[in-house]
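A short worksheet on the structure shown next.
Read the figures in this text as sums done on the coordinates, not as results from a lab. These numbers come from a predicted model, not from an experiment. Cβ coordinates were reconstructed from backbone atoms using ideal geometry, including for glycine residues, and neighbour counts include every protein chain displayed.
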Amino acid sequence: MSEENSQGREYTLEADSELRFEIEQKDAKVLVTLLSGFAELFGTELVKKKKYEFGVGAKVAIFTYQGCVLLVSGKMDVCYMSKETPMVQYVNCHAALEQFRNEAEERDGRGPVVMIVGPMDVGKSTLCRILLNYAVRVGRRPLYADLDVGQGAISISGNIATILIERPASIEEGFAKTAPLVYHFGHKSPGGNSVLYNAVVSKMADVTLQSMDANKRTKSSGIIVNTCGWVKDSGYKHLLHAARAYRARAIFVLDQERLYNDLLRDVPSNVHVVLLPKSGGVVERSKGLRHESREQRIKEYFYGNLRTPFYPFSFEVKFQDLRLFKIGAPPLPDSCMPIGMKAEDNKTKVVAVTPTQALLHHILTLSFAESNDDDVIGTNVAGFCCVTDVDMERQSVMLLSPQPRPLPPNSILLWSELQFMDNHA
Ligand code: ADP
């Protein structure tokens, strides 16, 4: 039921239903206030009487287990209430994970690693957010690993990342992204370099599984792993690889029976594979929209958002000071490889890149590695720059960076396929 008054429209939601809305118009602003009852947004509880503000791009569902009244004002493109939601199944999954966590606590073992898999736009990242929020709300400290290089939920796309979740996501801004562990991949699809993708995932899995043991609470809380929406052919093989690397205890499959059956066949029988429905509210994005949202994440990395704007810096770096590398050399037939090396080894080789005009607009990853002989693949990323100009005459590039200082001497930069047009200058 909904009623219009001078402050907006009041929506009365029954138990186990949700209000969904989308904002597409630029500069549109929607304010939501919980007037009575209890409600949550993807697992984060709304505080009564507090005004929450949403802007363009928001695709939101506010769910209630007990029933509630919401006051909503502003211009939305879509807004409706729905009683058809899979939230009860999702909360049951949380309950099952809690059982594993309790068992882990009793025997001082590792808590469950659960992978969320499914095609694109089925609500994988949203389910991760819900499960992580439920976990922290009952006092857990889980890790969140994001292997989706297409739409990075933690870092910008082209990278995989892990963060420790210590508090529920903010309603408006999601999880705090403090101190993430980020590994460079450099492509927006694992197919850009499959061998490298698997190597980076293995590295991330090894490091995070080991680091879990250092903190008792995190150890028993486990890891929630978000994955790419590419689930066919090589995409499927990447999922199997990740499940092995993380020693997944459970795999939650969203919305695809075929993938569910394939996994049941291919993973060891002690891995719990569960098929879950997707929410009818999840919005499908076109290729163009997906591209836009990737750009938006990069823009936010450099410029922040309306609530917290950032002011990035630009500086010139001479070609002679630029230590730029790319991971993966062009393929050579096995017969041309040095003895003992396979063509696959070339795919993870760190090779120097000669600067040319082609670098323009590319994102470059600043690595913490001190030399290209270090384990560059397994070294944390310090941040990102964007090439805003290449001057062949001056033999220099202009870099956009969130840091005021020029790069530390001998910094290693890694080439990324991702590009960003900086229209702010
Ligand atoms: P995936 O990770 O599978 O690509 P996402 O979790 O990113 O999918 O969901 C796609 C979009 O749908 C996101 O913008 C998210 O906010 C939105 N969304 C998810 N669940 C709902 C829902 N129940 N109602 C409305 N929008 C939703």
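Determine the sum of side-chain charges near Glu45: Lys and Arg each +1, Asp and Glu each -1, restricted to other residues whose C-beta is under 15 angstrom from that of Glu45.
Values: positive: Lys48, Lys49, Lys50, Arg129, Arg137, Arg167; negative: Glu18, Glu40, Glu172.
Its environment carries a net charge of +3.
Please sort 263-271, 355-363, 137-145 by packing, taking for each peptide the average over its residues of neighbouring beta carbons within 10 angstrom, highest first. Before the final figure, lay out the partial values.
Working: 263-271: 13.1, 355-363: 15.6, 137-145: 19.8.
The most tightly packed comes first, giving 137-145, 355-363, 263-271.
For a quick check: sort Asp262, Asp391 by the number of other beta carbons within 10 angstrom, fewest at the front.
Working: Asp262 18, Asp391 13.
Ordered from fewest to most neighbouring Cβ atoms within 10 Å, Asp262, Asp391 come out as Asp391, Asp262.
Report ³J(HN,Hα) in whole Hz for each residue of the range 97-113, in order, from the Karplus equation J = 6.51 cos²θ - 1.76 cosθ + 1.60 where θ = phi - 60°; Gly and Pro get x.
Result, rounded to whole Hz: 5, 4, 4, 4, 5, 4, 4, 4, 4, 5, 9, 6, x, 7, x, x, 9.
Using the structure shown, select from Lys29/Lys326; Lys59/Lys318; Lys59/Lys216; Lys75/Lys287; Lys216/Lys347; Lys26/Lys232 the pairs with a Cα to Cα distance greater than 32 angstrom.
Details: Lys29/Lys326 42 Å; Lys59/Lys318 44 Å; Lys59/Lys216 36 Å; Lys75/Lys287 25 Å; Lys216/Lys347 37 Å; Lys26/Lys232 36 Å.
As for pairs spanning more than 32 Å Cα to Cα, those are Lys29/Lys326; Lys59/Lys318; Lys59/Lys216; Lys216/Lys347; Lys26/Lys232.
Looking at the range 9-84 only, what percent of DSSP beta bridges run antiparallel? Nearest 5 please. Walk me through the numbers before you get to the answer.
Working: 31 of 32 bridges.
Here the share of antiparallel DSSP bridges comes out near 95 percent.
Which trypsin sites (Lys or Arg not before Pro) in the range 1-104 pass both tests, a DSSP loop state and at most 11 other beta-carbon atoms within 10 Å? Walk me through the numbers before you get to the answer.
Details: sites: Arg9, Arg20, Lys26, Lys29, Lys48, Lys49, Lys50, Lys51, Lys59, Lys75, Lys83, Arg101; in loops: Lys26, Lys29, Lys49, Lys50, Lys75, Lys83.
In loop regions of the range 1-104 (DSSP not H, G, I, E or B), the sparsely surrounded trypsin sites (Lys or Arg not before Pro) are Lys26, Lys49, Lys50, Lys83.
Take the chain, mark every one of the GluC sites (Glu not before Pro) that falls in a DSSP loop and has at most 10 other Cβ within 10 Å, then report the longest stretch left between them, sites excluded.
My reading of the result: 1-283 is the longest stretch.
Taking only DSSP H segments of four or more residues, each worth -39500 (n - 2.57), what value at 222 nm results for the chain once the sum is divided by all its residues, to the nearest 500 deg cm²/dmol? If you can, show how the numbers build up before the last one.
Values: 7 runs with 99 residues, N = 425.
After summing the helix terms and dividing by the residues of the chain, the value is -7500 deg cm²/dmol.
What's the whole-number percent of alpha carbon pairs in the range 81-186 lying beyond 25 angstrom?
On the way: 1311 of 5565 pairs.
Result for the distance tail: 24 percent.
Under 5 Å between amide hydrogens, which residues at least 5 positions from Phe175 or on another chain qualify, with H placed 1.01 Å from N in the peptide plane?
Correct list: Ser170.
So for Thr85, Thr178, fewest C-beta neighbours within 10 Å to most, what's the order? If you can, show how the numbers build up before the last one.
Numbers: Thr85 18, Thr178 8.
Taking fewest neighbouring Cβ atoms as first place, the list is Thr178, Thr85.
Just going by the charge dipole of the chain, with Lys and Arg at +1 and Asp and Glu at -1 on Cβ, which of Leu71, Tyr303, Gly191 is farthest out on the positive end?
About the Cα centre, the residue reaching furthest to the positive side is Leu71.
Search the structure for amide H atoms under 5 Å from the amide H of Val353, placed 1.01 Å from N in the peptide plane, and list their residues when 5 or more places away or on another chain.
Under 5 Å from the amide H of Val353 lie the amide H atoms of Leu324, Phe325, Lys326, each far enough along the sequence or on another chain.
Rg/Rh for the chain: what does it come to with C-alpha atoms and Rh from Kirkwood?
On the way: Rg = 22.8 Å, Rh = 23.1 Å.
That ratio is 0.99, to two decimals.
Which of Ser2, Ser189 has the fewest other C-beta atoms within 10 Å, and how do the rest follow up to the most? Each step should come with its number before you reach the end.
Working: Ser2 14, Ser189 19.
Starting with the residue having the fewest Cβ neighbours, the order is Ser2, Ser189.
Just to be sure I understand the curve: with the Debye formula and one point per C-alpha of the range 86-276, what is log10 I(q)/I(0) at q = 0.09, 0.15, 0.16 Å⁻¹?
-0.28, -0.83, -0.96
In 5 Å bins starting at 0, how do the alpha-carbon pair distances of the range 269-421 split up by percent?
2, 8, 14, 15, 15, 13, 11, 10, 7, 4, 2, 0, 0
Nearest-5 percent of antiparallel DSSP beta bridges in the chain?
Values: 69 of 89 bridges.
Rounded to the nearest five, the antiparallel share is 80 percent.
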